[in-house]
Amino acid sequence: MAGTLDAGRAALDRWIDATPIPDLAIATGTEVLARDGSLLRAFQVGDGIWRLAPPEAGVDPRFLAMLTLWEDRRFADHSGIDLRAVARAAAQAVWHGRIVSGASTLSMQTARLLERGPTAEWRGKLRQARLALVLERRIGKDGIMALYLRLAPYGGNTEGVRAASLMWFGKEPTRLTPAESALLVALPQAPESRRPDLPARRAAARAARDRVIDRAKAAGLLDAEAADTARATPLPTARQAFPAHAALLAERLRRADPGAARIRTTIDPVLQRAAETLTARAVARQPDSVSAAAIIADHTTGEVLAEVGTASFGDTPSAGFIDMTRAPRSPGSALKPFVYALGFDDGLIHPETLIEDTPAIFGRWQPENFDRHFRGTVTIRRALIESLNIPVVRVAAALGPARVMAGLRRAGMQVTLTGDAPGLAVVLGGAGVSLHDLVAGYAALAQGGMKVTLRDRPNDFSPGNHTPVRVTGAAAAWYTGAILSQVPPPDGRAAGRVAYKTGTSYGHRDALSLGWDGRFVAGVWLGRADGTPVPGAFGGQAAAPLLFDLFDALGPRRRPLPAPPPDALILPNPALPVTLRRFTPPGVLRPAPTQPAPDALTILFPPEGAELELGGGGAIPVRLRGGVPPYTWLLNGAPVAIATPDPTAQIAIGAGVSDLSVTDAAGQTRRTSLRVTQPASSAASLATAN
């Protein structure tokens, strides 16, 4: 007898092991995730089904408990077939003359979902039972539950508990209320006839949900109060759209990595939603078909924190499927800061250098200012603050178009030219640059002239991310930012917190605004995607308010603009070296010197690395040799003695390590560092007083 049983058992094992099984690698839609792991956008699988893998944080344990209680209370104990359930179902069928209850386990239901097989035909039931047995052996209970959570039908083209939770409740199934869990348990049995969004089927949906709640109460999963609250909870009345934050960024990343199940990004989900809301609000005040794009990044790391490719994703009139962060558009005046930064770096100009804003012809081109008025002699500072055209073209002509283009490209900007060779018109917007590249360029200015590679994925080690590339010197970048921080902000906002520039393309086709603070850089574009003019749209009026709204959304994370670097020359025009007092293009002769070449400028005292004890009056003596008076002294980058005629002076200084520099009228500069200490008696007095 025992031998017969063993032989039968061995035959059953061979029969189970020989069961052909379908592919268990169930396709799920690609998920694009924010930096905290939350879902930005999900995609359908190839057959148009909304099917997602369960969230990494798992599914609500109460839902799982309610599911097994309702569908298969002995799921943890049987081997794929619940013989007690089979016996009960058979006895009830004989007694009532009809099928009263089923005997399908969760394992059998999963087998049916895998094969898309029939639910009632006995051959199908046998096949499901056989496949359930082999699934139990091959992948175990956890594997079967994971498959069920992906495949459970929820009506139409929606499968799996995660897609259903997002569709009905707009939330992940990680934390569900008892009412939500009960509905998600009840729907797969009859997903179409129990649709809660259809008035004719709401009663069936409520009744099914409440039966699950009653059984959970009877089993002790819910107390009486929780069950009453769950039954009183309204059903959802409409299906919700699946998340589509940073939608065009997500689409671009999926195309770049089509086989990825999950794509992680650097996007800050809270900031992303705020940027989308602010962008949509800005567009609502504009004429029809106007769209907008925005980028916020951390220029200290290059991480993109928010990216809005269009203000109305999917909207046909505003071309809501075109990513305007990557589309080449005319930058208007937004390239002017780079021309001045290159001019500072090449020693052609200083913020206080005088330059002519008067009519000028460059070849056959005679540019004009935006308002067609000329200011005469102005400083470079004023020329940039007021975004005057003639001065910047003069500087660009001195640099040369090739030098300007090389600087732009070194900053990470791909500039699309209308002709074969760059011309001076590039600096006034006569070229195409994407918003993404403009933000990268402004990030370089924010980072003291070092190139910043923007990245939207963590651990992005693409070439260029870790190779330092200098675009301009630190002083040149700081001069540019210090000037742009003096541009009056829109709508009476606080001044001096953001260095920013606006741009308006020819014909009012594009309105831009870009800027940075001590940590973040942002850019905004408004216009029509098809290039149709938007009458009256100016960068300062249309784009700048949105730019400042984005910075406000950053809240306490913002940082002040940086202090000047040690080599910044903070002087008024009269104290500048002669070569920097007035702009003179290269090749133009300056007046011949009236005196012989100066002797070399030397700091005789204090010597480099000196350690001095502070004398009476809190000052130290300084002494020079050579050079051309007058002399201007700077302490840690700030002027402390301007245009002094004598080679000796007294410099007020505090205790600590300081950097002292001097510049003479011929432009010679010398530096020394020193350490100053308090006299011992003074230190003792201070200690007693405290």
Looking at the chain, how many pairs of lysines come closer than 26 Å at the Cα, when each pair is eight or more places apart or spans two chains?
-> 6
With axes computed from alpha carbons, what is the tilt in degrees of helix 2-17 against the longest principal axis of the chain, rounded to the nearest 10 within 0 to 90?
-> 40 degrees
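With the Cα gyration tensor of the range 309-438 in hand, give its eigenvalues times 5 under a square root as the equivalent ellipsoid semi-axes, listed largest first in whole angstrom. Could you put the intermediate results ahead of the total?
Values: eigenvalues 172, 53, 40 Å².
They are 29, 16, 14 Å, listed from largest to smallest.
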So how far apart, in nm, are the two label points at R73 and Q414 if each is 7 Å from Cα heading toward Cβ?
-> 6.4 nm
What is the Cα radius of gyration of the range 451-525 over 2.2 N^0.38 Å, N being its residue count?
-> 1.34
The simple spin-label model distance between T579 and N636, using points 7 Å out along Cα→Cβ, in nm, is 3.0 nm
At a Förster radius of 30 Å, what calculated FRET efficiency corresponds to the Cβ-Cβ distance of R211 and T277, to the nearest 0.05?
-> 0.15
Label points 7 Å out from Cα along the Cβ direction at D47 and E115: separation in nm?
-> 1.6 nm
Semi-axes of the range 122-210 from the Cα gyration tensor (sqrt of 5 times each eigenvalue, largest first, whole Å) come to 27, 17, 11
For W50, W168, what's the largest-to-smallest order of accessible area, 1.4 Å probe?
-> W50, W168
D530-Q189 FRET efficiency (beta carbon distance; Förster radius 45 Å; 0.05 resolution) = 0.35
In degrees between 0 and 90, to the nearest 10, how far off the longest principal axis of the chain does helix 544-553 point, with axes built from Cα atoms?
-> 60 degrees
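From the helices alone, meaning DSSP H stretches of at least four residues, give me the mean residue ellipticity at 222 nm for the chain, per-run term -39500 (n - 2.57), in deg cm²/dmol to the nearest 500.
-10500 deg cm²/dmol
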Considering the range 160-277, what Rg and Dmax in Å follow from its alpha-carbon atoms?
-> 17.8, 52
FRET efficiency for R559 and D223, using Cβ-Cβ distance with R0 set to 35 Å, rounded to 0.05 | 0.10
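Net charge within 10 Å of G527 by Cβ-Cβ distance, Lys/Arg positive one each and Asp/Glu negative one each, not counting G527 itself?
Net charge around G527: +1.
The values are calculated or read from the model by the stated rules, or taken from the named source; none is laboratory data. Just so you know, these numbers come straight off a predicted model, no measurement behind them. All Cβ positions, even for glycine, are placed from backbone atoms using ideal geometry, and neighbour counts span all protein chains on display. Each accessible area value is taken on the protein alone, full model and side chains, heavy atoms only, with ligands, DNA and RNA left out. Shrake-Rupley method; radii C 1.70, N 1.55, O 1.52, S 1.80 Å.
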